[in-house]
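Here the structure is laid out as structure tokens; the discussion comes afterwards.
No value in this document is a laboratory result; all are computed from the given coordinates. Just so it is clear, the model here is predicted, and its values are computed rather than measured. With ideal geometry, Cβ positions are generated from the backbone for all residues, glycine too; neighbour counts draw on all protein chains shown.
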Amino acid sequence: MTTHWADLAMQTRGLESLYSVIPPLDSVRLRSFHLDWRGPTLTTRIDLPSYPEHPPPDWSERGYDTLQIHLQFLAVDDLTVGGWIPPTPVDISFSALPDRRLLTQISGEGMEFSFTCSDSLLAGHISSFCATASGSDEGARSFLQPLDARRFSSLPGPDESTFYERV
């Protein structure tokens, strides 16, 4: 499929303000995925492969070097997951299916993850942080969306359902 993933995603205005060209989903770091039976949805938390050219001034002042987003897939079906040893870089690709559906494949060394979903994606929880030497995303971070910025100054724990289930 030749369509760029951002053309399938809703709520990309924040990304468009940060990048001249939103990067493809090649060699992204898959941090986590969350399955929710309501919908059903699958939400991935990924580090984009390149840092934005136009970050907010306070991100530059803090020395941030990584941009992370949540990408949520709607009406998920036919899910298969095989292997995953973080922090393996992965590629996320899409193939068009009939009835406004996509075959989504997430693949990396030792990992195969595929599912079908709606051809509309949600992008959100855009944040920036300084990756540690070990590649961890713990520690201080700044969020682009005002509500996230008021609520969080670091990555919330996995029990924070409003963060991981809603984009």
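Just to check your reading of the model, which residue among 53, 61 is free of Cβ contacts under 8 Å to residues at least 40 places away in the same chain and touching a helix residue (DSSP H, G or I) at 6+ places or on another chain (Cβ under 9 Å)? That would be 53, the only listed residue that is free of Cβ contacts under 8 Å to residues at least 40 places away in the same chain and touching a helix residue (DSSP H, G or I) at 6+ places or on another chain (Cβ under 9 Å). Inside segment 12-52, residues that are surrounded by 20 or more Cβ atoms within 10 Å (Cβ to Cβ) and among the hydroxyl-bearing types (Ser, Thr, Tyr) make up a count of 4.
Among the residues of segment 90-104, which ones are surrounded by fewer than 16 Cβ atoms within 10 Å (Cβ to Cβ), assigned to a strand (DSSP E or B) and not charged (D, E, K, R)? Selection gives 95, 96, 97, 103. Here residue 126 qualifies as outside any loop (DSSP other than H, G, I, E, B), within 16 Å of the chain's Cα centre (by Cα), among the aliphatic types (A, V, I, L, M) and within 24 Å of residue 13 (Cβ to Cβ).
Residues of segment 69-89 that are assigned to a loop (DSSP other than H, G, I, E, B) and either under 24 Å from residue 138 (Cβ atoms) or of a type in the set (Ser, Thr, Tyr) (or both): 84, 85, 86, 87, 88.
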